[in-house]
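Rule-based calculations on the coordinates, nothing more; no lab input. These numbers were taken from a predicted model, which means no experiment stands behind them. All Cβ positions, glycine included, derive from the backbone under ideal geometry; neighbour counts span all protein chains shown.
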Amino acid sequence: MPAVSPAAKYDSVQMRLFRLPIAARTPPLMSIRDPRTIDRSRKAAAGAAIGIALCAAAVGCTGRDDRYTLYRDSVVDPTQRVHVATFDAADGDAYNRDNCEAARAVFQAHPDIRTKFWCEKGHFKK
């Protein structure tokens, strides 16, 4: 069998493309004003918005009942409820309650604090 030269391999119809300059092989880039690009951008934005809404709905509707929230009052207005922290670890009710009470005790033990701290079961409510 005769040896085939490397140049002969590139003469086949399939390989002629590789002898073209790179600019001739690459498709033109889509411009920003191309209607296909605008349509894709709108579809992507709509998809992202729907995804975020579904994710927020799924997180908000879990019905978890093991959260605890740490509040404090205000020096100026003792009836005001100020959110300090929410304890919502997946380890359960007792774990979140204990951590909330521990944080409350640490904050309340500070000698210069004139506000009152307390824990309530549930997510933050105004």
task: Compute the distance in nm between two label points, each set 7 Å from the Cα along the Cα-to-Cβ direction, one at Ala102 and one at Asp88.
output: 2.1
- request: Along each of the three principal axes of the Cα atoms of segment 68-121, give the extent in whole Å, ordering the values from largest to smallest.
  value: 36, 21, 11
query: How much length is gained if the chain between Asp77 and Trp118 is pulled fully straight, taking 0.36 nm per residue apart and subtracting their Cα-Cα distance, in nm to one decimal?
result: 13.2 nm
statement: Env charge @ Thr115, Cβ radius under 9 Å, K,R +1 / D,E -1, value +2
